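Read the structure below first, then the notes.
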Amino acid sequence: MSLLETINSPADLKKLTLSELPILAQEIREIIVNVVSKNGGHLASSLGVVELTIAIHYVFDAPDDNIVWDVGHQTYAHKLLTGRRDQFHTLRKHYGLSGFVKRSENSCDSFSTGHSGTSISAALGMSCAKSILNDPSKIIAVIGDGSMTAGLAYEGLNQAGDLNKDLIVILNDNDMSISPNVGALSSFLSRKFSAKYLQDLRKDLKVFLKSLPKVGDDIYQIAKRSEDSFKTFVTPGMLIEAFNFDYFGPINGHNLEHLINILENIKTLQEPVLLHVRTTKGKGYQPAEENPVYFHGVGCFEVQTGCCLPASDNIPTYTEVFGNTLIDMAEKDKDIIAVTAAMPEGTGLVEFAEKYPDRFFDVGIAEQHGVTFAAGMASEGLKPVVAIYSTFLQRAYDQILHDVCLEALPVVFALDRGGIVGEDGPTHNGLFDFSYLRSLPNMTVMAPKDENEFQRMLRTAIDHNGPIAVRYPRGKGTGIELSDDILPLTIGKGEVLSAGGDILILAVGRTVCESLNAQTILKKQGISATVVNCRFVKPIDTDLICPLAESIKRIITVEEHVLHGGFGSAVLETLVENNITDFSIKRLGIPDLFVEHGPQSVLRSKYGIDSSAITDAAVKLISSSENNVSTSKKTA
């Protein structure tokens, strides 16, 4: 029996000896690699924190002690140590374990975390609550993987230092972005500085010096400056100390004995503490260590080689089309600028950055700053294209409203991962962008039916003199041939793709292809449908939709978006505003809930936005209206 098989809770972990823990770490890495190779997931970040996770659970007492992970995709080892070993093979599968931290999944998941930078604020809230409730248990925030570039993290640090609450922040530094590793001296001093007897002596000395008449406070300040100067010389902790945190580190995050030693020491402290831990992303799996960016979020791959499994076709993804098209446009237009928030790979901008380094800006995990930064560029006559996942652009809503839309600045928002994203689940589904963007004055919102139309929308966006968003899905396109001559679209104009008098199907984005498939099925059943590719969620093509709705009174709207405030809502508003009231309508979209993780096709079927669901809705709508007519005649 392996060591991991004996662990069903953190309490079981504490039964192991220190000498057994490195063996456990190796077992954990093996199961993580094997499962992620089959299911896909965030591999490199989770491999990097195996020893840190073991040490935290070895020293602290979850779930009584709260561990807040930031972000949640580094928690695969945490899941294995907290009673989910037998379910771990279901990671990211439909109805299986989430790829992130999820409060409803396990009592040791103290805070759900999908977006980054939230841990310190959440942990401080918990610490204040425990203080009010006289609960002595500990709060540990583990922040890393770029999350310290988020402004929210520093807002949390600022208040935590001011309140002087009992809080431990562990900074997982895995990419040299914070500071160089100053080696064994720093590790040794941090472990010694954190010892309880030395901390007690430090406090007693402070009280003693300040008690000396007249000169006491001056002597204390001199001593404090001397201590800070020495610590700054051997550690990079000056910034953290400025937030009124006790700083320890950097320490080797893969040395279990040292980790456990220092965690035992700082566990006794009652004030804000930050422990700086240096880890290697992808640790223990050579392909991930050599290419941590690729293995940050990876699909299925061969364990032996690290090579991804070959695709069944050569159809490009929307992300690839975006990156290639923007490069082509930027070659002809020197004013085009690309901006992203720590996602150059995910948004397809790596080649753009290599080709036009002076016109590419990665602002880090700071979407709010990225949007206002782009607004500043637009105010000087440039054409910034802000490429951010739909779910992450939510973080910058006020900046879009106040800094871009208010003055109608020409900023292009390229919203990748619009709609259902699949295995990453509710924190990453881009199902709210139509609602939060179309309500803003001066904003134009559009979504392409295929990758060729996507190119045309990018051209339209670049040419447009105002705020504009193009929203496109995760994954491959339809396989349509891409045009060399990319022509812009007329703002606010849709197109009729098929004509029929029985039912009117109004679709936008990727649901247009599903609607065309439904039209083919309906035709075989003797039902003729008009299918409209509406293209624009704002402005709606009133001149096209209203006359059609007056002649074809059975209407279906289809969108891969929540129904509240979405495309279907926009259609209803348009019809009412134009005094069109004699119609029956069925809106297809996501109901008022958060969509779980699972395969995209499964989720689209479950929530009724695929061709089969559109077909069924059309048949029911026709049947219902015919029954109403029949009943009306009988009554007459």
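Per the Debye formula on identical point scatterers at the alpha carbon atoms of the range 503-635, with no solvent, log10 I(q)/I(0) at q = 0.12, 0.17 Å⁻¹ is -0.46, -0.90. The trypsin sites (Lys or Arg not before Pro) of the range 333-411 that meet both conditions, a loop assignment by DSSP and at most 16 other Cβ atoms within 10 Å of the site Cβ, are 334. For the range 467-567, the list of GluC sites (Glu not before Pro) that fall in a loop by DSSP and count at most 15 other C-beta atoms within 10 angstrom reads 481.
Among the GluC sites (Glu not before Pro) in the range 268-368, which ones are in a DSSP loop with at most 16 other Cβ atoms within 10 Å of the Cβ? Mind listing them? Passing both the DSSP loop test and the Cβ count: 302, 345. In a simple Cβ point-charge model (Lys, Arg +1; Asp, Glu -1; nothing else charged), the range 30-118 has a dipole of about 460 debye relative to its Cα centre. Between the helical axis of 611-635 and the longest alpha-carbon principal axis of the chain there is an angle of about 50 degrees. For the chain, the longest principal axis of the alpha carbon atoms and the long axis of helix 256-266 meet at an angle near 80°. Quick one: Debye curve from the alpha-carbon atoms of the range 1-122 only, equal weights, vacuum; give me log10 I(q)/I(0) at q = 0.12, 0.17 Å⁻¹ to two decimals. Treating every Cα as an identical point scatterer, log10 I(q)/I(0) equals -0.39, -0.81. The DSSP beta bridges internal to the chain are antiparallel in roughly 15% of cases. Distance from the Cα centroid of the range 288-352 to that of the range 34-87 is 27 Å (rounded to whole angstrom). Within the shell defined by Cβ-Cβ distances under 13 Å, the residues around residue 501 carry a net charge of +1, with Lys and Arg each +1 and Asp and Glu each -1.
Here the simple spin-label model places points 7 Å from the Cα toward Cβ, and for residue 543 and residue 524 these points are separated by 3.8 nm. For a test of the definition: using alpha carbon positions, the gyration tensor, and the 1.5 limit on a/c, classify the chain as rounded, prolate or oblate. Prolate is the answer for the chain, as a/c is 1.5 or above and a/b outweighs b/c. Each label point was placed 7 Å from the Cα along the Cα-to-Cβ direction; for residue 23 and residue 335 their separation is 6.8 nm. Among the listed pairs 15/165; 15/38; 476/523; 15/130; 38/79, those whose Cα-Cα separation exceeds 22 Å are 15/165; 15/38; 476/523; 15/130. Between the helical axis of 151-163 and the longest alpha-carbon principal axis of the chain there is an angle of about 40 degrees. Residues whose amide H comes within less than 5 Å of that of residue 584, counting only those at least five positions distant or on another chain, are 554, 555 (H built at 1.01 Å from N in the peptide plane). Give, in nm to one decimal, the length gained when the segment between residue 464 and residue 307 is fully stretched (0.36 nm per residue of separation minus the Cα-Cα distance). Between residue 464 and residue 307, full extension yields 52.3 nm more. Each 10 Å bin from 0 upward holds the following percent of the Cα-Cα pairs of the range 318-471: 12, 47, 37, 5, 0.
Remind me, relative contact order of the chain in percent, using alpha carbon pairs under 8 angstrom and six or more residues apart?
Dividing the mean separation by the residue count of the chain yields 11 percent.
Values in this text are rule-based calculations from the coordinates and carry no lab data. What you see is a predicted model; the values in this text were computed from it and never measured. We place every Cβ from the backbone using ideal geometry, glycine too, and count neighbours over all the protein chains shown.
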